[in-house]
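Only one structure is covered here, and it is reproduced in the block below.
The values are calculated or read from the model by the stated rules, or taken from the named source; none is laboratory data. Please read these numbers as outputs of a predicted model, since none were measured by experiment. Note: ideal-geometry Cβ built from the backbone for every residue, glycine included; neighbour counts use all protein chains shown.
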Amino acid sequence: MEKSPEDIAKDIDVAAYYKKAENAQKEIEKLSIQQRIDLLLKANDYVMDNQEKLVDQICRETGKTRFDALSNEVFSIGDFVDYYRKATPKLLADRKEHTSLIMMGKQSKVLLSPLGTILVITPWNYPLYQMFMPAMSAFLTGNACIIKPSEYTPLKGVFEALCTACGFPENAIQVVYGDGRVGGQLLDGRPDKIHFTGSVATGKKIMAQAASQLIPVELELGGNDPAIVFDDVNISRTANGLVWGAFTNAGQSCTSVERAYVHSAVYDDLMKEVIRLTAALRFPEDKAEANSGKEFDLGYITVPAQIDIINKHIDDAVSKGAKIECGGKAVENTQFFQPTILSGVTHDMLMMQEESFGPLLPIMKFSNEEEVIELANDSVYGLSASVWSKDLKRALRVARKLKTGNVSVNNVMLTEGNHALPFGGTKDSGFGRIKGSYGLEGFCNVKAVILDKQSKLIDPHWYPQSATKYNTMTDLMRAFFMKSKKWLKFASSGMKMDSLGNKEKL
Ligand code: TXE
């Protein structure tokens, strides 16, 4: 008989997982950076070699289309590895930093050391990639990792098989299955850092629990991403971009387009094209077709409760005056939800304020730049955005003013497509950054080191203190720190300070 979620949680031996992780971390730290990269490359080849099996399992657990599984999970893993195989040695190398003249003779360095054990808690929308990317970032930086995948998409056995086949040190990456209770218990094992991707509500719970033990957290939460379309765009490209950005993965992406603002000069043309493209998407008519094994452009909604949220947002918008231009409901007795376009929307509607996480695209008209920036920023979220305009100066000006962690110009969801760029949000979308240099630094103890020489001399600011030392230090400071430097005075007071320190001590 299968164990209940309660029993699974009861049986978790948290201390044992952390003990194994601690031992594994000692082995990982012994590996050179190149040896870790070599294991990453093997993991990459394993994913590519097992692509079809993995795509099958992802599709079975999430309901996404095969192309979504391929492009958003397998391809993203390939791109992640391709970036870090080249960038990691440089990103993790010791850094030489500036040493002020006032500290002459010393050297300053920053060393990146592992933190220890990283707890990675993942959601269900991109199950393989969301496990692979943070876990491998943690591994590259010399950490052990414990993953708690979403109970809806556990991909049971995938990581265990990958780690064994590629020869990762034993327990370098452990996977613990179960629901939120198990996640909560794992926090009590006191990881050295938590990387969480999921909802705002759970993010707040995790942060509160982590605070009591001062565990650092990185939170990648949801979004309500705006797309801003100016009056000089190519209608066809922009409409295609919006439709893909809103409906890829059936809208279950934290950076999918959740609301669009279109300049009044192109609103009618763009709306017409968006509706035409949406109506042409291949989508099941009924349950029989949904189960026929046919290929569609949109998959289904992974977690059934999510359909209630989508329906609630549509009902709320319609009750406040919005018009459904196409779509608007789930295919009866299935988890497929029709790709839906709405017009006549306003900012008091739930879908313009909260994350729908489904295939909804509400479109609103605007007439000037200031107004649309204000509308886009009128959100508790701040994850991502897109700006569409031929005028790149304007697009960049607007991008600068958006209170989000990412902006794509004349494209959509593309910043996260480049692993050299940091990814993360502002406001309720969370904080911390993954990917790029930040993605490795975030899993490191960023350690400052000063190298001084051994000698018989002592530093002038050490004991004893005296009125003469106070006055000489004042002269030195004024000569060096004030707006115009007085080099002669600096040299003479520096020499006096040095000799004062040494005379007093010897
Ligand atoms: O997320 P949860 P859910 C958003 C989206 C969606 C909503 C809910 O709006 O409607 O989140 O999705 C684990 N201590 N996103 O319910 O609950 C849980 O087991 C420790 C945005 O799936 O946040 C799972 O592994 N862990 C998003 C993970 O947290 C806990 C992606 C996420 O679950 C826990 C998906 C606890 N107390 C949904 N409670 C994005 N940012 O990309 C739950 N978990």
- All-but-one check, SER137 against (1) away from the ligand (no atom under 15 Å from the Cβ); (2) within 16 Å of the chain's Cα centre (by Cα); (3) closer than 14 Å to LEU54 by Cβ; (4) not hydrophobic (A, V, I, L, M, F, W, C), failing number (3)
- Filtering the stretch 440-471 down to residues that are modelled with pLDDT of 95 or more and surrounded by 19 or more Cβ atoms within 10 Å (Cβ to Cβ) yields LEU440, GLY442, PHE443, CYS444
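Taking the stretch 413-432 only, how many residues are away from the ligand (no atom under 13 Å from the Cβ), of a type outside the set (Ser, Thr, Tyr) and farther than 19 Å from PRO216 by Cβ?
Within the stretch 413-432, the first condition is being away from the ligand (no atom under 13 Å from the Cβ), and the residues that meet it are 414-415, 417-422, 426-427.
Remaining after also requiring of a type outside the set (Ser, Thr, Tyr): 414, 417-422, 427.
Pick out the ones that are also farther than 19 Å from PRO216 by Cβ and you get 414, 417-421, 427.
Residues in the stretch 413-432 being away from the ligand (no atom under 13 Å from the Cβ), of a type outside the set (Ser, Thr, Tyr) and farther than 19 Å from PRO216 by Cβ: 7 in total.
Residues are listed down the side, and each one gets a yes or a no for (1) in contact with a strand residue (DSSP E or B) (Cβ under 8 Å, 6 or more places away or on another chain); (2) of a type in the set (Lys, Arg):
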{"position": "THR238", "(1), (2)": "yes, no"}
{"position": "PHE247", "(1), (2)": "yes, no"}
{"position": "GLN252", "(1), (2)": "no, no"}
{"position": "SER256", "(1), (2)": "yes, no"}
{"position": "ARG259", "(1), (2)": "yes, yes"}
{"position": "ALA265", "(1), (2)": "no, no"}
{"position": "ARG282", "(1), (2)": "no, yes"}
- Out of (1) within 29 Å of the chain's Cα centre (by Cα); (2) surrounded by 22 or more Cβ atoms within 10 Å (Cβ to Cβ); (3) more than 26 Å from PHE423 (Cβ to Cβ), what's the single condition that is false for HIS347? (2)
- Note on the structure: By residue number, the members of the stretch 154-172 that are under 24 Å from ASP188 (Cβ atoms), within 16 Å of the ligand (Cβ to nearest atom) and in contact (Cβ under 8 Å) with a residue 24 or more places away in the chain are PRO154, PHE159
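Just wondering, is there one or more residues in the stretch 58-67 that are without any contact (Cβ under 8 Å) to a residue 40 or more places away in the chain and in contact with a helix residue (DSSP H, G or I) (Cβ under 9 Å, 6 or more places away or on another chain)?
Checked the stretch 58-67: no residue is without any contact (Cβ under 8 Å) to a residue 40 or more places away in the chain and in contact with a helix residue (DSSP H, G or I) (Cβ under 9 Å, 6 or more places away or on another chain).
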- Output for the stretch 285-315, where each listed residue is surrounded by 17 or more Cβ atoms within 10 Å (Cβ to Cβ) and within 16 Å of the ligand (Cβ to nearest atom): GLY299, TYR300, ILE301, THR302, VAL303, GLN306, ILE307, ILE309, ILE310, HIS313, ILE314
- Query: Does any residue of the stretch 226-248 turn out to be within 16 Å of the ligand (Cβ to nearest atom), modelled with pLDDT of 95 or more, in a loop (DSSP other than H, G, I, E, B) and surrounded by fewer than 18 Cβ atoms within 10 Å (Cβ to Cβ)?
  - Reply: no
- Message: Can you tell me which of (1) away from the ligand (no atom under 16 Å from the Cβ); (2) over 18 Å from LYS447 (Cα atoms); (3) touching a residue at least 12 places away in the same chain (Cβ under 8 Å) is the one LYS96 doesn't meet?
- Response: (2)
- Of (1) surrounded by 15 or more Cβ atoms within 10 Å (Cβ to Cβ); (2) in a loop (DSSP other than H, G, I, E, B); (3) over 29 Å from the mean Cα position of the chain (by Cα), ARG282 fails just (1)
